[in-house]
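Since the structure comes first, as structure tokens, the remarks are kept for the end.
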Amino acid sequence: MNARAPKPATRRRVLLTRSEEDCAEWAARFAQHGAEAIALPCIRAEAITTPAMQAQLAAELPQCDWLVFTSRRGVEAFAALSAGTLSPKCRIAVVGAATAAAAKAELGRVDVVGAGGTAAALAATLVDVGDLKRHPRVLLALAENAGDALERALTAAGARCTRVDVYRTVPAPAAEPRRPLSTLRVDNVVLASPSAVTGFARTVDIDVEVGVYTIGPSTTAAARGAGLAVTAEAREPSFEGILEAMQWQS
């Protein structure tokens with residue numbers, strides 16, 4: 001008879017698949033909870049910098065009522081691309097706590113933080129408090145491979161949205177042969193974006209059973225599409241959400 005798998009709280013070796021710098025940040029935080037984190041970066045982020053992009057930002061920023069971000073990367077890429085200070089009439093809305101911290105550091109302020117940590121929750125918050133009928137001009141600074149759900153929800157509520165893709169996430173290239181997961185000796189895998197799922201599937205041969213934890217619905221869908229059995233999904237897209245999903249609160 002097969003032995004029963006240990007409970008999540010007893011399994012403390014974690015594979016991180018984010019970008020190199022983000023893996024380092026989370027590895028330090030996992031260490032505070034008694035876990036050993038193994039970094040296997042499966043994506044990289046790159047800013048999209050073109051003269052056309054900078055010209056578009058220069059034209060749109062003086063007109064916008066809302067500047068919206070759904071990630072820390074978006075804030076950082078926008079800050080590097082844009083010149084000058086924002087108009088006082090342009091309010092800043094962000095998806096969650098980590099993005100809010102980045103906006104405060106890079107842009108000096110945040111006016112609205114989405115309640116649920118997702119693009120859908122941010123859209124609902126802006127529809128509720130954004131007075132989009134009187135302040136309809138919304139500039140979305142997003143990842144190139146981000147979905148359009150936020151834009152569609154705001155447009156349906158009367159906003160006039162302009163989307164500017166300020167960065168992209170690039171999955172790791174296919175490896176041949178792929179590395180057996182067993183050689184990494186991990187009990188858990190954390191997937192924090194659909195791009196990370198793609199990079200992970202391209203580079204790793206999943207030859208052992210592990211716990212698979214995802215940061216949100218789109219990542220869960222990507223993981224299942226790649227044939228992975230998802231153990232749990234974070235209720236909010238953050239380190240704390242992943243930790244809760246793994247039952248490692250203590």
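The values are calculated or read from the model by the stated rules, or taken from the named source; none is laboratory data. The structure presented is a predicted model; accordingly, all values stated were derived computationally and were not measured. Don't worry about glycine lacking a Cβ; one is built from the backbone with ideal geometry, like all the others, and counts go over all protein chains shown.
Numerical summary
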{"read-out": "Flag for R44 being basic (K, R), at pLDDT below 95 and closer than 27 Å to G199 by Cα", "value": "yes"}
{"read-out": "Among the residues listed as V170, V186, V212, the single one being assigned to a loop (DSSP other than H, G, I, E, B), touching a residue at least 24 places away in the same chain (Cβ under 8 Å) and not charged (D, E, K, R)", "value": "V186"}
{"read-out": "Check on A229, without any contact (Cβ under 8 Å) to a residue 40 or more places away in the chain and surrounded by fewer than 16 Cβ atoms within 10 Å (Cβ to Cβ)", "value": "yes"}
{"read-out": "Whichever residue in the stretch 189-209 is within 20 Å of the chain's Cα centre (by Cα) and assigned to a strand (DSSP E or B) and, among such residues, is surrounded by the most Cβ atoms within 10 Å (Cβ to Cβ)", "value": "L191"}
{"read-out": "Residue list for the stretch 215-239, filter: of a type in the set (D, E) and either under 19 Å from A37 (Cβ atoms) or outside any loop (DSSP other than H, G, I, E, B) (or both)", "value": "E233"}
{"read-out": "Pairs where the first residue, in the stretch 133-148, is without any contact (Cβ under 8 Å) to a residue 40 or more places away in the chain and assigned by TED's automatic domain parsing to the domain that holds S82 and the second is small (G, A, S) and in a loop (DSSP other than H, G, I, E, B), C-beta under 6 Å, 6+ apart", "value": "K133/G158"}
{"read-out": "Some residue of the stretch 65-82 being under 28 Å from V129 (Cα atoms), at pLDDT 95 or above and in contact with a Cys (Cβ under 6 Å, 6 or more places away or on another chain)", "value": "yes"}
{"read-out": "Residue that is nearest to the chain's Cα centre (by Cα), among those in the stretch 140-173 that are crowded, with 20+ Cβ neighbours inside 10 Å and more than 19 Å from L57 (Cα to Cα)", "value": "T169"}
{"read-out": "P177 vs. criteria within 26 Å of I48 (Cβ to Cβ), in contact (Cβ under 8 Å) with a residue 24 or more places away in the chain and surrounded by fewer than 19 Cβ atoms within 10 Å (Cβ to Cβ)", "value": "no"}
{"read-out": "Output for the stretch 30-70, where each listed residue is of a type in the set (D, E) and touching a residue at least 40 places away in the same chain (Cβ under 8 Å)", "value": "E46, E60, D65"}
{"read-out": "Residue, nearest to P88 (Cα to Cα), within the stretch 48-64, restricted to residues that are surrounded by 14 or more Cβ atoms within 10 Å (Cβ to Cβ), among the aliphatic types (A, V, I, L, M) and modelled with pLDDT under 90", "value": "L57"}
